[in-house]
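Data first, discussion second: the structure below is written as structure tokens.
The values are calculated or read from the model by the stated rules, or taken from the named source; none is laboratory data. Since the structure is predicted, the reported quantities are computational estimates derived from the model, not experimental observations. Here Cβ is always computed from backbone atoms with ideal geometry, including for glycine, and neighbour counts include all displayed protein chains. Side chains included, ligands, DNA and RNA excluded: accessible areas come from the protein's heavy atoms. Shrake-Rupley method; radii C 1.70, N 1.55, O 1.52, S 1.80 Å.
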Amino acid sequence: MKRFDMAAGRKRGIAVRSGEAGAKGAIDAIGAIGAIGVAGWIGVLGAAWPLNAAAQAAGTEGANFIYLVRPGDTLIGVADRFMAQPARWRELQALNKVADPYRLPPGMRLRIPLVHIPVTNGTARVVFVTGPASADGRELQAGMELAEGARIETGAGGTVTMELGDGSRVTLPPASRMEVSRLRAFARTGLTDAVFGVGQGEVESRVAPRGTGVGRFEIRTPSLVTGVRGTRFRVGTEAGASQSAVLEGQVQARSRRGQQAVVGAGYGVSVSPTGVLARPAALLPAPVLAPLPQPLLASRATVSWSPVAKAAGYRVVVSRDAAQTELLSSQTVSAEQAALEDLPEGELYLGVSALDATHLGGAGVVMPFAVRLNPPPPFTLEPERNGTAYGETVTFGWAEVASAAQYEFEVAAAADFRQGTMQARSAAPSASQALAPGRWWWRVRSLDAGGQPGPWSEPGAFALEPSPPQPRLEDDGGDTLRIAWPAAGAAGAAQAYRLQMASDEAFTQIVADVRTETNEGRLPRPGGGTYFVRVGREGAAAAATDATASPAARTYFSAPQRIEVKQYVRDVQGRPVSAGGRLLNRAN
């Protein structure tokens, strides 16, 4: 990543120096204050903090630190508290036109030149990380300290947030790269002196949320310098172009060509790859979000919103905090909806903002929502997914969940569970339901002791077919055996059957295999002995299995029926001989 100089002609890596020389170096680095965004008063007056030295900070005004005088303060005491050379208190007296250095009116805004305040090392602590994120090639973890010069990168799906000593937070979304170019602080003032260089992606900042003000806070890209006058802004760079959107407060933007613009809240500015600074433009309005279920009983969801005029896309983020500094995910989409994946359990915040043609993002809408993932969904066992069940009643089974007090299952005629839905509860990990033949979907979820549900299991589809016909033997003693069974389906409806006979119950030694379109079939009479027959509707399971398989493979057969085939005494014409109304068996 490119290193950014602190001031024209100066080299990076200034050593930390205490006293007036060090402070003057910091102010020299700021340069012409107004030119890089610290001009004008920065901060919040009268911050409600504990009564200590830093508590009386009211930010900066130009090149001066503003101190709010407390009862009992003297000019010499204030100089001793803040200045590197307390003996220069007379300069404060002249600058602030103080008549009596021992009598300062409480509440007076006393100006102290930043050049006379010592500069110390600043601090930056990683407070949140998700996904791939590193600093100088080392994997980042929450709690790690970052030093000046650190180079931070986030990969696809990675985000990182770091916090400075004054509470300012800097957040990098996925696929971003940033360098901590300067990380200092003005001693005992609570003011930062920080510069960050963005080489790729975006950075969003919430600056000085404690109300102590800012000494300097800048985000630099190769084509744009954005300095803080306010508290919240976003800077991004892509393909040489840069953008800065101001969500709260005010910033001063400067292009590499020297063009400058003051940008207030609700506006943004962009710089072309050639370095041309565009005029500040109003940010796009926030979209109107469609509500999510509360709570959301799933780790994924699809969120949608109303279209925003002139929007070229939308930024969608999920965070742990309402300020959206701890990002769990960040994505850019072109349509008015987005899929949220891998949501953790707990209280979360969804943020959506519209992006214009220059990728400038507006102030988004933030919606809180809760995710509930416990008790976990059971693992479904039967009917098998995309399998086939037979009969008028279906048995549903699932794995037991230790934390579940009971279960709730649904069966529906449509995959969205909006049509023909039946719902019931069971204390056991199984249940039965009478259903009509057809295609069905089912799912199950666990309920805790208080009756609160967890997420549904993944829906499973299955086909329900009538029970297969049961064959019966009709033996008239002829050369063939007549096997008949009850007709299936509506009267007159075409139906194909498979009729098989085997010498073993497993049907590995098939003696006969015929196809018929009626509810009976004839098989050649085999030699006397024990055989097994079965019948099935051809193609009955085709909708739920492999339709390219052979007809036999796609036929669900009845249970094997055991039959005894006899050899009868025959006359010279080959007809069976009977006596007393019974056929004579050769075995008798």
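The Rg/Rh ratio of segment 382-432, with Rg taken over Cα atoms and Rh as the Kirkwood radius over Cα pairs, comes to 0.97.
If one computes P(r) from the Cα atoms of segment 126-191, what percent of pairs lie at distances over 14 Å? For segment 126-191, the fraction of Cα-Cα distances above 14 Å is 55 percent.
Considering only C-alpha atoms, what is the centroid distance from segment 140-186 to segment 66-108, in Å? Segment 140-186 and segment 66-108 have Cα centres separated by 37 Å. The H on the amide N of ARG525, modeled in the peptide plane, is under 5 Å from the matching H of THR480, LEU481, each at least 5 residues off or on a different chain. How large is log10 of I(q)/I(0) for segment 234-348 at q = 0.11, 0.23 Å⁻¹ when the intensity is taken from the Debye formula with one equal scatterer per alpha-carbon? Scattering profile of segment 234-348, log10 relative to I(0): -0.48, -1.33.
All Cα-Cα separations within segment 85-159 were binned at 10 Å from zero, giving a P(r) of 15, 29, 13, 15, 19, 9, 0, each value a whole percent of the pairs. For segment 438-525, the equivalent ellipsoid built from the Cα gyration tensor has semi-axes of 44, 17, 11 Å, listed from largest to smallest. Note on segment 181-225: Rg/Rh from Cα positions, Kirkwood definition for Rh, rounded to two decimals, is 1.01. For segment 218-273, the relative contact order comes to 35 percent (Cα pairs under 8 Å, sequence separation of at least 6). Entry for segment 272-418 at q = 0.10, 0.11, 0.16 Å⁻¹: log10 I(q)/I(0) = -0.53, -0.60, -0.94, Debye formula applied to identical alpha-carbon scatterers, no solvent contribution. Taking Lys and Arg as +1 and Asp and Glu as -1, the other residues whose beta-carbon sits under 9 Å from that of ASN96 total +3. Heavy atoms of the protein chains alone define the surface here; on that basis segment 307-421 has 46 Å² accessible area per residue at 1.4 Å probe size. Pairs of Cα atoms in segment 244-297 fall into 10 Å distance bins, from 0 up to the last occupied one, in shares of 23, 36, 18, 13, 9, 1 percent. The residues packed around THR159, meaning those with a beta-carbon under 11 Å from its beta-carbon, carry a net charge of -2 if Lys and Arg are +1 and Asp and Glu are -1.
Computed log10 I(q)/I(0) for segment 347-470 at 0.13, 0.17, 0.20, 0.22 Å⁻¹: -0.62, -0.84, -1.05, -1.20, from the Debye equation with unit scatterers placed on every C-alpha and solvent omitted. Each Cα pair of segment 308-390 feeds into the Kirkwood radius, which the Stokes-Einstein equation turns, at 4 °C and 1.567 mPa s, into a diffusion coefficient of 85 µm²/s.
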